[in-house]
Amino acid sequence: MKIIVDNVLQHLESSLSAEFDYRNVHEALDFLFRKSLNDSHTENTKVALSSVEAVLEKVWESFHTGSWADVPDGMRKLYSHASLLKTKLLLKTANDERMLKKTIKAIDMGLLMGNAFRNELTIAASLLCKALQQTFVEVPVKLCDNSKSNNNSYAFHRIGDHVPILHQPSLETFLRDYLKSKKPIKITGNMEHWPAINKWKDLNYLIKLAGARLVPVEIGSSYADADWSQKLITLEEFINIHVVQEGEKSTYLAQHQLFNQIPELKDDIRVPEYCYLADVDGEEPDINAWLGPKGTVSPTHYDPKNNFLAQVVGSKYIILYDPKWSEYLYPYDDKFLKNTAQVDPVKPDFCQFPNFSHVKAMHCILNEVIDN
């Protein structure tokens, strides 16, 4: 473990020695950050740690004083840089399991809230997770029984047609008959070779590989609800408290770029060639992850990009509406929710949304690949 920690410290040092100037972002924070960096080269580790934590706290406050979109890039860069220094200082104070987990949280805060030093922070987190794996003790972890779930038996209003199914269609067929004409299709036979198909069924695998990593989760049945909220917790906490058990409130890791944050998990999936048939040549597809217990629901919405949804574990019921029905789905007026329908397709209120009675949907069920 000590060898790994020493490698992380060496890895961080070159990045921390680079020139910087945050005076145009916040002169006082630039001064305080420089002081903490200078102190980090002495025996004043605790003083340096206190200073850099003060920088992080002030930047964090600035993140929450207005819209996230209005946060200056320089402020986010400072947050990443300060997180990098905090990582070094924490490792200098101790390198036991508790401190390693605390350090990984600091790294993930820099990755999630900052916009710089991503490679340095990602490598540091990966190395420290490997150190934790050396002392990992496996505890039996099993998904709660889904047999009582009735999510797939809803009598949706005028459900309409099933989404057509094709087994490994050629790129030409998919492009010509579905992508260009914007028709939905369920494709089979393209995930059997994914390592994730077997590995992710073992929740201990996810906990051992990345349990200490900090991830954003959504709390509440729908992001359109008034009581919906978000918080950051470790992946291990999320699995043990919200996936293995049924919590009081639905909690969902949704639409998160988990594979950018934890590249080791990306090694378990394969990006289908269909994803590269985009209108923009050479554009890499965005890859997001969803992870949750039974009963998690995404409200009816549309996305600006074409979507491929790959079901690795469990199953998901999909309801799709032709864009021609958009007006009859009663999208919210709020600019942040204008891509989301007010009407609930499971229990529609026809008094409030009368035109929804004319709407016709398509549907399908995505299931995990069954081992042969």
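The values are calculated or read from the model by the stated rules, or taken from the named source; none is laboratory data. Note that the coordinates shown come from a computational prediction; the quantities given were computed from them, not determined experimentally. Note that each Cβ is placed from the backbone with ideal geometry, even for glycine, and that neighbours are counted across all protein chains shown. Side chains are part of the model used for accessible areas, which takes the heavy atoms of the whole protein and leaves out ligands, DNA and RNA. Shrake-Rupley method; radii C 1.70, N 1.55, O 1.52, S 1.80 Å.
Things worth noting here:
- Computed over all pairs of different Cα atoms, the Kirkwood value for the hydrodynamic radius of the stretch 11-55 is 10.9 Å.
- Projected over every direction and averaged, the convex hull enclosing the alpha-carbon atoms of the stretch 178-334 yields 10.7 nm².
- Each residue was assigned an accessible area with a 1.4 Å probe, and for Ile104 the value is about 0 Å².
- Simple point charges give the picture: +1 on the Cβ of Lys and Arg, -1 on the Cβ of Asp and Glu, and for the stretch 215-372 a dipole about the Cα centre of about 480 debye.
- Protein-only accessible surface at a 1.4 angstrom probe places the residues Glu327, Glu264 in the order Glu327, Glu264, largest first.
- Using the rule -39500 (n - 2.57) for each DSSP H run of four or more residues, divided by the residues of the chain, the 222 nm mean residue ellipticity is -10500 deg cm²/dmol.
- The stretch 54-96 and the stretch 347-369 have their alpha-carbon centroids 44 Å apart.
- Accessible surface of the chain, 1.4 Å probe, proportion on carbon and sulfur as whole %: 51 percent
- Taking Cβ atoms as reference points and 12 Å as the exclusive limit, the residues near Leu214 contribute a net charge of +2, counting Lys and Arg as +1 and Asp and Glu as -1.
- For the stretch 204-284, the list of trypsin sites (Lys or Arg not before Pro) that fall in a loop by DSSP and count at most 16 other C-beta atoms within 10 angstrom reads Lys249, Arg270.
- Sorting the segments 20-31, 344-355, 46-57 by their residues' average number of neighbouring beta-carbon atoms within 10 angstrom, most packed first, yields 46-57, 20-31, 344-355.
- The stretch between Ser170 and His193 holds 6.5 nm of extra length on full extension. This uses 0.36 nm per residue minus the Cα-Cα distance.
- Rounded to the nearest 20, the Cβ-based charge dipole of the stretch 1-125 about its Cα centre (Lys and Arg +1, Asp and Glu -1) stands at 300 debye.
- Within a Gaussian network of the chain (alpha carbon springs, distance under 10 Å), most fluctuating of Asn190, Asn306, Asn115: Asn306
- Heavy-atom accessible area ranking, 1.4 Å probe, most first, across Met1, Met113: Met1, Met113
- Ranking Asp334, Asp267 by solvent-accessible area of protein heavy atoms (1.4 Å probe, all protein chains present), from largest to smallest, gives Asp267, Asp334.
- Checking the Cα-Cα distances for Lys88/Lys208; Lys249/Lys335; Lys294/Lys338; Lys182/Lys305; Lys2/Lys101 against a 18 Å cut-off, the pairs over it are Lys88/Lys208; Lys249/Lys335; Lys294/Lys338.
- Separation of the stretch 19-37 and the stretch 255-330, taken as the distance between their Cα centroids, equals 40 angstrom.
- Å² per residue, accessible surface of the stretch 202-315 at 1.4 Å: 53 Å²
- The accessible area of Asp268, taken with all protein chains in place and a 1.4 Å probe, comes to roughly 0 Å².
- Relative contact order [Cα under 8 Å, 6+ residues apart], the chain, whole percent: 15 percent
- Helix 45-63 and the long axis of the chain differ in direction by around 40°, with both axes built from C-alpha atoms.
- Accessible area per residue in Å² at 1.4 Å probe, computed on the stretch 1-109: 53 Å²
- Computed log10 I(q)/I(0) for the chain at 0.08, 0.11, 0.15 Å⁻¹: -0.51, -0.92, -1.40, from the Debye equation with unit scatterers placed on every C-alpha and solvent omitted.
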